[in-house]
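For reference, the structure discussed in these notes is given below.
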Amino acid sequence: MKPVGFIGTGVLLLLLGAVAPTYAQQDQHQQDSTAPKQEQQAKPNKQQQQRAQQQNQNKQQQQRAQQQNRNRQQAYRPSQQGKRVQQAQERGVWQQRRAHNWQSDHRDWQQRGGYNGYRIPDARYRSHFGRDHRFRLYRYPMFVVDGYPSFQYGGFWFTVLDPWPEYWSDNWYENDDVYVDYSNGGYYLYDQRYPGVGIAVSISLN
């Protein structure tokens, strides 16, 4: 009977030795199978963080752009110190702004370092500005702002920065059809009677 008991104990030990690695493999397999799930759960969180960071950056860029646009508008908005000019006095104001030598007295927007004022939206520009939309300055209110003639037209302020050519007629602002056009990197006031000659103007909102 003793040899039988000894053999039974040995067989039991062998079975336990064979089963233990099997359980170990199952445990390892379960750990391996749960690891990718944990990584998959972590990935969406990382993607969400990246999306949130990108949205935050876009929002900051939009805010900076809006602030820059507001600063530009304020920089080119006629100040409250602008003085309304009566029509009887407009002639004297324009005569003071007449050039002695147009070629040397005027500066285009490239010479001024580039236009950085308010830009008219495309749809509004097409419907109110360009050579197909002419008007006469005499019909619109005139102000003098920091020594420059300014007028309102099409919902915007226009400040005439350049002097006007000395060879233009004395009453061009009364009788000539003019228009505002964007060319050569900025806005200019053109007289239809003198094609190709633009006076630099800056634009601001009302």
The range 169-181: number of residues that are free of Cβ contacts under 8 Å to residues at least 40 places away in the same chain and not in a helix (DSSP H, G or I): 1
Filter result (among the hydrophobic types (A, V, I, L, M, F, W, C) and within 18 Å of R124 (Cβ to Cβ)) within the range 189-206: L189, V201, I203, L205
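All of the numbers you see were taken from the coordinates with simple rules; none came from a lab. Quantities reported herein were computed from a predicted structural model and do not represent experimental measurements. All Cβ positions, even for glycine, are placed from backbone atoms using ideal geometry, and neighbour counts span all protein chains on display.
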